[in-house]
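Engineer: One structure, as structure tokens, below. Some questions next.
None of the figures in this text is laboratory data; all of them are computed from the coordinates on show. Please read these numbers as outputs of a predicted model, since none were measured by experiment. So basically every Cβ, Gly included, is an ideal-geometry build from the backbone, and we count neighbours across all protein chains shown.
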Amino acid sequence: MLPLVYHECYSDLVLPERHRYPIGKYRALYQYLLQVGIPDDWIDCHATPATQAQLALVHQPEYIKALCQGALDDKAMRRIGFPWSEFLIKRSLQSVGGTIRTMQLALQHGIALHLSGGYHHAFAGEGAGFCLFNDLAVAAAVALQQGADKVLIFDCDVHQGDGTALLFGGEPRVVTASLHGEKNFPARKQHSDWDISLPTQCEDAAYLEAVHSSFDYLLRLHQPDLVLYDAGVDIHKDDDLGLLHISTQGVYQRDHFVLKRCREQNIPVAAVIGGGYQRDINKLAAVHSQLFQAACAVYEPAQVLNWPC
Ligand SMILES: [Zn+2]
């Protein structure tokens, strides 16, 4: 059983023509997984939208209220990068709820994957870079509330998890780690507990070495009882916003390594798909699918699926 959390609203947001964000990728990924033969009972559509109380564990109440009511000023909305709409709020709350549910399913089953999530640029009182609410931070805070002692957020999106880093700067029970492109957004980096800045055009071997050594070190040092893993694929060589040069096979090897280590050490892992900005939605879905292919290999090796490569 490999729980996959999904909601049909993720891709239903209507954006202006030529908007930078590949909003269709969530549905494309879902359909890709159905095509390879993912069993129906792995799909979990039972997440409920994040509540105000859950959001308020990491976000300022005034920010939550203003954003939900459409009362943020234009500058603040430009920083987020989406035009405000009621549906934007609905899908964002559903996405945060989805990551919370993924975390809870991971605690039950050892592994769960979210076909959304990774909105790591959202701070306590402002959003940025297509991120309204920080789902990883909210899920970590809910996990603490439910009794977790130590949560590791291992963020491999090409952009630094600056919001997450700042939100947990004073919280020793949440360890923030970010492996990101040194020249990628955000220009002004925050201090995670563990930051690795990767050079532009970094290739598979150097990248995987950084992932392996960082993850092993962090597991040994902190012995977390939950890992939240941001498996962003904007590290890919064909990504429109990333500056690294990682192959599709490199993405698979990264995800396989992280999940295998969690399984070997019996640490529950909740993974989110994170960033990925290729304009060709089908190619992008294929790169995001590497996480799911790796999870099947590690957790459900007997399940026969028709992966195209
Ligand atoms: Zn990113």
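Engineer: Select from ALA128, GLN160, VAL142 the residue farthest towards the positive end of the dipole of the stretch 65-164; place +1 on Cβ of Lys and Arg, -1 on Cβ of Asp and Glu, and compute about the Cα centre.
Structural biologist: VAL142
Engineer: Compute the distance from the alpha-carbon center of the stretch 102-178 to that of the stretch 3-67, in whole Å.
Structural biologist: If we compute the Cα centre of each part, the gap is 15 Å.
Engineer: If I build a Gaussian network model for the chain, linking alpha-carbon pairs within less than 10 angstrom, which residue out of PRO39, PRO268, PRO199 has the largest mean-square fluctuation?
Structural biologist: In the Gaussian network model the winner is PRO39.
Engineer: How many nm separate the modelled label positions at TRP307 and THR48, each set 7 Å beyond the Cα in the direction of the Cβ?
Structural biologist: Placing both labels 7 Å beyond Cα along the Cβ direction yields 3.6 nm.
Engineer: Between the stretch 256-302 and the stretch 189-253, what is the separation of their alpha carbon centroids in Å?
Structural biologist: 13
Engineer: Ok, one more. Which listed residue (LEU221, PRO308, CYS45) has the Cα farthest towards the positive end of the charge dipole for the chain, taking +1 on Lys and Arg C-beta and -1 on Asp and Glu C-beta about the Cα centre?
Structural biologist: Value: CYS45.
Engineer: Please report, in whole Å³, the volume per residue of the convex hull around the C-alpha atoms of the chain. Walk me through the numbers before you get to the answer.
Structural biologist: On the way: hull volume 35.8 nm³, N = 309.
Value for the chain: 116 Å³ per residue.
Engineer: Taking the Cα centre of the chain as origin, sum charge times position over the Cβ atoms of Lys and Arg (+1) and Asp and Glu (-1), and report the length of that vector in debye to the nearest 20.
Structural biologist: Dipole of the chain, to the nearest 20 debye: 280 debye.
Engineer: What's the exposure ranking of MET103, MET1, MET77, going from fewest to most Cβ atoms within 10 Å? Please list the in-between numbers first.
Structural biologist: Working: MET103 29, MET1 14, MET77 17.
The fewest-first ordering by Cβ neighbours comes to MET1, MET77, MET103.
Engineer: Next question. What's the extension gain from LYS150 to SER85 if we count 0.36 nm per residue and subtract their Cα-Cα distance?
Structural biologist: Working: separation 65, 0.36 × 65 = 23.40 nm, distance 3.64 nm.
Using 0.36 nm per residue and subtracting the Cα-Cα distance, I get 19.8 nm.
Engineer: Taking the number of other C-beta atoms within 10 Å as the exposure measure, put ILE111, ILE89 in order starting with the fewest.
Structural biologist: Exposure proxy ranking, most exposed first: ILE89, ILE111.
Engineer: Same structure, new question: Give me SER178, SER11, SER213 ranked fewest to most by other Cβ atoms within 10 Å of their Cβ, as a rough exposure proxy.
Structural biologist: SER213, SER11, SER178
Engineer: Ok, one more. So between LYS75 and ALA206, what do we pick up on full extension, going 0.36 nm a residue minus the alpha carbon distance?
Structural biologist: Numbers: separation 131, 0.36 × 131 = 47.16 nm, distance 3.86 nm.
Full extension of this stretch gives 43.3 nm more.
Engineer: For the chain, modelled as a Gaussian network with Cα springs under 10 Å, which listed residue fluctuates most, ALA140, ALA205, ALA56?
Structural biologist: ALA205
Engineer: Cα to Cα, under 26 Å, and not fewer than 8 places away if on the same chain: which lysines meet these conditions relative to LYS65?
Structural biologist: LYS75, LYS90
Engineer: Quick query: amide H of ILE196 versus all other amide H atoms, modeled in the peptide plane; which residues come in under 5 Å with a sequence gap of 5 or more or a different chain?
Structural biologist: For ILE196, whose amide H was placed from the backbone, the distant partners under 5 Å are SER178, LEU179, HIS180.
Engineer: Counting only C-alpha contacts under 8 Å and six or more residues apart, can you give the relative contact order of the stretch 1-137 as a whole percent?
Structural biologist: Taking the mean separation of contacting Cα pairs over the length of the stretch 1-137, I get 34 percent.
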